[in-house]
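Colleague: Before we start, here is the structure in question, set down as structure tokens.
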Amino acid sequence: MTKALATLMTAALLSLSIALPAFADDIVSFNKATAADIMGIEDIDISDEMAEAIVKYRKAHGAFKTPEELQKVPGMTQDLMEELNPVLDDNDDVVFDPEAEPALAPSKC
């Protein structure tokens with residue numbers, strides 16, 4: 001009985017870790033987020049077309065390894081990059097973190 005309970009608990013914890021969304025305290029992973037997750041970033045107006053383009057690019061080219069890689073997404077502008085301020089988290093994941101210091105130099109235009 002104890003072994004069965006332990007197995008059940010392990011399975012429950014594993015399913016929770018898989019089901020966790022791309023958000024954690026308003027942090028959004030560009031490598032895990034859906035288009036809806038990306039559009040849901042507070043205080044940044046991201047069109048559905050741009051959010052879909054980010055997801056489509058990721059699916060075609062694999063996970064973003066650096067924040068600068070987001071610039072390769074068709075339609076990405078320097079201004080949107082500055083607003084998104086993508087950074088690497090402690091797990092080398094490219095994320096939007098509202099608490100992060102600006103990582104990119106401001107546009108000169």
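Colleague: Once the other residues with Cβ under 14 Å from the Cβ of A33 are scored (Lys, Arg +1; Asp, Glu -1), what is the net sum?
Modeller: Local net charge: -4.
Colleague: When averaged across all projection directions, what area in nm² does the alpha-carbon convex hull of the stretch 48-91 cover?
Modeller: The orientation-averaged projected area of the Cα hull of the stretch 48-91 comes to 3.2 nm².
Colleague: Less than 12 Å apart at the alpha-carbon level, and either on another chain or at least 8 residues along: which aspartates and glutamates does that give for K65?
Modeller: Within the straight-line cut-off, K65 pairs with D89, D92, D93.
Colleague: I would also like to ask the following. Would you compute the Debye intensity of the stretch 22-96 from its alpha-carbon atoms alone, equal scatterers and no solvent, and pass along log10 I(q)/I(0) at q = 0.13, 0.22, 0.25 Å⁻¹ to two decimals?
Modeller: The computed values of log10 I(q)/I(0) come out as -0.30, -0.96, -1.32.
Colleague: Find how much the distance from K65 to A103 grows on full extension, using 0.36 nm per residue of separation minus their present alpha carbon separation; answer in nm with one decimal.
Modeller: Extra length available between K65 and A103 comes to 12.2 nm.
Here, each number is a calculation from the coordinates, and none is a lab measurement. The structure presented is a predicted model; accordingly, all values stated were derived computationally and were not measured. Every residue, glycine among them, receives a Cβ derived from its backbone with ideal geometry; neighbour counts consider all protein chains shown.
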